[in-house]
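Structure first, commentary second.
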Amino acid sequence: MKRIFVLAVLCIGAALTAHAKLKIVATLPDLGSLAREVGGDKVDVTVLAKPTEDSHFVDARPSFVVQLRDADVLIDGGAELEIGWLPPLLQNARNPKIEVGKPGRVQASQGVRLMNVPTNATRAAGDVHALGNPHFVVDPIIAKTVALHIAQTFSAIDAPNAAAYDANYKKFEAAINAKLQEWGTAMLPFKGQNVVAYHDSWVYFAHRFGLNIDTFLEPKPGIPPSPSHLAEVIEKMKAQKIKAIIVEPFHDRKIAEKVATSTGAKVVDFAQYPGGLPNTDSYVKLIDRLVANLTAALK
Ligand SMILES: [Zn+2]
């Protein structure tokens, strides 16, 4: 009798656990957005960085530690984008469930081939891309890979809802596949064009859509523009007749506008993260907006 009682309590406990929503923390808004797509109403997602802030240099708030302490799953980039602020938070949170290698940790870069991996890490010179370029989620095909990784992690931790995570992933995959054609068609007339960016965040986007985005207002990732470097950029832009300069919400737009005035180029508002531009509250809407803004400038 006692044994049956204990079993009953265990069953109720298991049932309660199964119905509780998974607590997900994502370091970055793009990862949070993919977690919401895949997790739907089975998960609560908290995102640490704001979509309009520079994700290399996030102001770590004490509340982040509390969120990390309570998390069932942590999704981070895994390519040192957050190296300046995430490690001390994790140390303080002391949550063994989300350590690297544990089932509750998704490192988005796993299974992604990083571009521009330097032969020697140059972090000492202030370069914030020492491990290779960490801004990979803006490639929609990579976003599918990351979403699948997230879905598999949720399913492993929360098996009773595995079918829902799988269905949500398939819906996201189908939406991206349908959109890839539309985006590709819109970008096709500009294949091979050179575009300037403030920061080196667009190499994966450029690769996907056949652009060259390899000239930057920053002399090195994370190092602010200098007058001598900008003079070189202006010369190059004139020589190559470059028409567009990509800026993100946290960049100094005035610097980009000055360069644009000197070269006849247009400043194009871009963001890596859903919510970084108006009406971009989902991943698909964000890429829609980027394609629309860039094609308008290149026409
Ligand atoms: Zn960067």
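The values are calculated or read from the model by the stated rules, or taken from the named source; none is laboratory data. Keep in mind that this is a model prediction, so the values were computed, not measured. For neighbour counting, all protein chains shown are included, and Cβ atoms are generated from backbone atoms with ideal geometry for every residue, glycine included.
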Review point. Would the range 186-194 turn up any residue that is surrounded by fewer than 16 Cβ atoms within 10 Å (Cβ to Cβ) and at positive phi?
Key: yes
Check your understanding: Out of the range 203-235, which residues are modelled with pLDDT under 95 and among the basic types (Lys, Arg)?
Key -> 220
Exercise for review: Taking residue 200 as the residue in question, decide whether it is surrounded by 20 or more Cβ atoms within 10 Å (Cβ to Cβ) and over 20 Å from residue 147 (Cβ atoms).
Suggested key: yes
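Residues checked against (1) in the same structural domain as residue 271 (by TED's automatic domain parsing); (2) within 30 Å of residue 161 (Cα to Cα); (3) within 15 Å of the ligand (Cβ to nearest atom); (4) surrounded by fewer than 17 Cβ atoms within 10 Å (Cβ to Cβ):
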{"site": "43", "(1), (2), (3), (4)": "no, yes, no, no"}
{"site": "74", "(1), (2), (3), (4)": "no, yes, no, no"}
{"site": "78", "(1), (2), (3), (4)": "no, yes, yes, no"}
{"site": "92", "(1), (2), (3), (4)": "no, no, no, yes"}
**Study point:** Count of the range 80-90 residues which are away from the ligand (no atom under 16 Å from the Cβ) and surrounded by 16 or more Cβ atoms within 10 Å (Cβ to Cβ)
**Key:** 2
Exercise for review: Check whether at least one residue in the range 177-184 is in contact (Cβ under 8 Å) with a residue 60 or more places away in the chain and among the aromatic types (Phe, Trp, Tyr), and report yes or no.
Suggested key: yes
Check your understanding: Of the residues in the range 131-170, how many are under 17 Å from residue 110 (Cα atoms) and either within 16 Å of the ligand (Cβ to nearest atom) or in contact with a Pro (Cβ under 8 Å, 6 or more places away or on another chain) (or both)?
Key -> 12
Check your understanding: Here are some conditions: (1) within 16 Å of the ligand (Cβ to nearest atom); (2) closer than 23 Å to residue 185 by Cβ. Residue 218 meets all but one. Which one does it not meet?
Key -> (2)
Review point. When both residues are 6+ apart or on different chains and their Cβ atoms are under 7 Å apart, which pairs have a first residue that lies in the range 54-81 and is of a type in the set (Phe, Trp, Tyr), and a second that is within 12 Å of the ligand (Cβ to nearest atom)?
Key: 57/84
